[in-house]
Amino acid sequence: MNAKDHYDQHVGNFYSWMLGDFDEKQQEQENFFWRNGIIPVSRKVAFDLGAGNGLQAISLAKLGFAVKAIDFNTQLLNELKSRKRDLNIEIINDDILNYLQRSRDQAELMTCMGDTITHLENIDQVVSLVQQMSSHLEPGGKIVLSFRDLTKELQGDERFIPVKNDDSRILTCFLEYFPHHVMVHDMLYEKQAGKWIQKVSSYPKLRLDVALLTDLLQKNGIQLLKSEIINRMIYLIGKKASDGL
């Protein structure tokens with residue numbers, strides 16, 4: 001099962017529950033952007049690739065960007081639509097690579113966060129994504145990426161990760177390692193009519209590291225400004241040279 005099918009048939013049904021309090025998480029993202037000087041200064045257009053239910057899109061719109069929020073999951077985009085109110089957010093239901101290949105728009109900011117980049121099928125698609133992001137970025141514009149470092153292989157019982165639980169749901173994740181990807185098995189137990197029902201779905205996530213992404217950014221004219229780890233997620237911020245080279 002690929003990432004789209006996994007989200008359409010499984011994770012999209014409980015993603016927001018798994019995430020936790022939306023307002024709290026959204027404010028964390030807005031604070032991250034503000035703290036790192038991610039504010040509009042020119043064109044004001046931002047592409048949010050893999051927008052999901054809108055953590056980044058809403059944060060960027062509140063900071064003054066005109067956001068194009070692109071994602072392939074209808075459920076999560078509908079949640080974003082219900083939350084955006086009068087914020088300047090254009091919702092686009094599409095695969096992020098397909099959209100970038102067709103679009104001629106330029107932006108001063110490109111974000112691809114929340115582990116979206118590891119959902120791509122192979123390294124060639126990662127290379128293509130970074131190339132496309134750079135080509136749509138105006139000189140002096142910025143790129144923000146985030147992803148989970150899966151290069152370190154967990155062993156034995158460490159591969160079973162309790163994600164979240166309450167009185168009606170229990171979510172556990174099991175990781176199965178391969179040379180270039182990790183097979184993620186999301187196991188949800190949901191109480192229905194007094195009985196626990198198991199729902200399981202699996203999909204691959206790429207094993208990416210900072211060195212690979214940093215090299216790709218540099219090869220595409222993006223200077224790395226900052227790299228940090230927040231809650232076990234790697235965050236990279238880069239800037240395109242003002243002369244476009």
Volume in Å³ per residue [convex hull over Cα atoms, computed for the stretch 89-164]:
139
In Å and on Cα atoms, what radius of gyration and Dmax does the stretch 36-174 show?
16.6, 51
Assuming R0 = 22 Å, what is the FRET efficiency of W17 and K226, from their Cβ-Cβ distance, to the nearest 0.05?
0.10
Which whole-Hz couplings ³J(HN,Hα) result when phi for each residue of the stretch 130-144 is put into the Karplus expression 6.51 cos²θ - 1.76 cosθ + 1.60, θ = phi - 60°, listed in order with x for Gly and Pro?
5, 4, 5, 4, 5, 5, 8, 8, 6, x, x, x, 10, 10, 10
With T = 4 °C, eta = 1.567 mPa s and Kirkwood Rh from C-alpha pairs, the Stokes-Einstein D of the chain in µm²/s is about 69
If we sort 93-104, 138-149 on the protection proxy, mean other Cβ atoms within 10 Å, highest first, what's the order?
138-149, 93-104
Could you give log10 I(q)/I(0) at q = 0.09, 0.14, 0.15 Å⁻¹ for the stretch 102-245, computed by the Debye formula over C-alpha point scatterers of equal weight, without solvent?
-0.37, -0.74, -0.81
Separation of alpha-carbon centers, the stretch 197-245 and the stretch 1-52, rounded to whole Å:
15
With each pseudo-label sitting 7 Å past Cα toward Cβ, what's the Q218-Y177 distance in nm, one decimal?
2.7
Segment A193-E28, extension gain: residue separation times 0.36 nm, minus the distance between their alpha carbons
55.8 nm
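Using the Kirkwood radius over C-alpha pairs as Rh, can you work out the diffusion coefficient of the stretch 152-211 via Stokes-Einstein at 37 °C, viscosity 0.692 mPa s, in µm² per second? Before the final figure, lay out each step's value.
Working: Rh = 12.8 Å.
The diffusion coefficient I find is 256 µm²/s.
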Per the Cα gyration tensor, the stretch 1-56 corresponds to an equivalent ellipsoid with semi-axes, largest first in Å, of 27, 16, 7
Average projected area [Cα convex hull, the stretch 1-116], square nanometres:
7.0
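Quick note: the coordinates plus some simple rules give every number you see, no bench work behind them. These numbers come from a predicted model, not from an experiment. Counting neighbours? That spans all protein chains shown, and the Cβs are built from the backbone with ideal geometry, glycine included.
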